[in-house]
Amino acid sequence: MTDPRTWTGCVFIGMSLDGFIARPDGDLDWLTDPAVRPHTAESTAHPALEWETFFPTVDTLVMGRSTYETVLGFEEWPFGGKRVIVLSTTLQADDRVAVARTVDEARGLLDAEAAARVYIDGGRTIQSFLAAGLVDELTVSIAPILIGQGARLFGELTEDVHLTLRGHHSSEGDGLVRVTYDVSRAGL
């Protein structure tokens, strides 16, 4: 059966080398304010996506409630001009976001809004979309730190998810190793 979706599901996220996207209390200081140390940079003919080139290509975001509440703490709303869907069973919509109670409901909104490139953000949301086969592209920036505990990027899966490396590189300033993968469809 072919996937009738017309939109591409894209993940762009940072994680610690041991696989966490936030500390247990949600703190991201290890990613947003890393200790300055000299790192070796590695460029390739096929670099991974970077935020400055990735974000302008998306027209819609889907995030979980925890991620949404984190964003509300920012000085400015960072998603002006983009449609935003928040997955939550209790949140009420406001003028900046639509609320979907389930992944299926979010998919219906994305289809109805004729979304093209959808940025999927937040650990549980990424896990749910990945399990539903709705992630097509995965960019992970791996930070040079082990934090030992917190919110994991990937959870349990019922089957393997095969990835095809599209690009990679590392940067001298922050030591992030960035990788972009295409998510392979079953049988491909």
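The values are calculated or read from the model by the stated rules, or taken from the named source; none is laboratory data. For clarity, every value in this text was computed on a predicted model and none was experimentally measured. No Cβ is skipped: glycine too gets one built from the backbone with ideal geometry, and neighbour counts run over all protein chains shown. All accessible areas refer to the heavy atoms of the entire protein, side chains included, with ligands and DNA or RNA removed. Shrake-Rupley method; radii C 1.70, N 1.55, O 1.52, S 1.80 Å.
Can you tell me the alpha carbon radius of gyration of the chain divided by the globular rule-of-thumb value 2.2 N^0.38 Å?
Details: Rg = 16.5 Å, N = 188, 2.2 N^0.38 = 16.1 Å.
It is 1.03.
Normalised radius of gyration (Cα atoms, divided by 2.2 N^0.38 Å) for segment 121-162: 1.26. Multiplying the residue separation of residue 163 and residue 145 by 0.36 nm and removing their Cα-Cα distance gives an extension gain of 4.1 nm.
Remark: spin-label model distance residue 69-residue 104 equals 2.7 nm, labels positioned 7 Å along the Cα→Cβ axis. A 1.4 Å probe run over the protein chains yields, for the chain, 56 Å² of accessible area per residue, whole-number rounding.
Applying the criteria of a DSSP loop state and at most 11 other Cβ atoms within 10 Å to the chymotrypsin sites (Phe, Trp or Tyr not before Pro) of segment 52-112 yields 74. Given +1 at the Cβ of Lys and Arg, -1 at the Cβ of Asp and Glu and no other charges, the dipole of segment 16-58 around its Cα centre is 120 debye to the nearest 20.
Quick check on the chain: helices-only [θ] at 222 nm, where DSSP H runs of length 4 and up contribute -39,500 (n - 2.57) each and the sum goes over total residues. Nearest 500, please.
Values: 5 runs with 35 residues, N = 188.
For the chain, the value works out to -4500 deg cm²/dmol.
Of all DSSP bridge pairs formed entirely within the chain, close to 45 percent run antiparallel. Over all other residues within a Cβ to Cβ distance under 14 Å of residue 30, the charged ones net out to -4, with Lys and Arg as +1 and Asp and Glu as -1.
Summary of the geometry: segment 58-113 and segment 4-52, compared by the centres of their Cα atoms, lie 21 Å apart. In this structure, the amide hydrogen of residue 49, modeled 1.01 Å from its nitrogen in the peptide plane, lies closer than 5 angstrom to those of 180, counting only residues at least 5 positions away or on a different chain.
Projecting label points 7 angstrom from Cα along Cα→Cβ for residue 92 and residue 27 puts them 3.4 nm apart. Simple spin-label estimate for residue 117 and residue 5 gives 1.5 nm between the two label positions (7 Å along the Cα-to-Cβ direction from each Cα). Within the accessible surface of segment 10-108, defined with a 1.4 Å probe on protein heavy atoms only, the carbon and sulfur portion equals 53 percent.
Let's test the formula: R0 of 22 Å, r as the Cβ-Cβ distance of residue 57 and residue 154. What FRET efficiency results, to the nearest 0.05?
Values: r = 24 Å, r/R0 = 1.08.
In this case the efficiency is close to 0.40.
For segment 1-97, taking Cα atoms only, Rg and Dmax work out to 16.5, 50 Å respectively.
Suppose the Debye formula is applied to equal point scatterers at every Cα of segment 131-187; what is log10 I(q)/I(0) at q = 0.24, 0.30 Å⁻¹? Result of the Debye calculation: -1.08, -1.22. Computed from point charges on the beta carbon alone (+1 for Lys and Arg, -1 for Asp and Glu), the dipole magnitude for the chain about its Cα centre is near 300 Debye.
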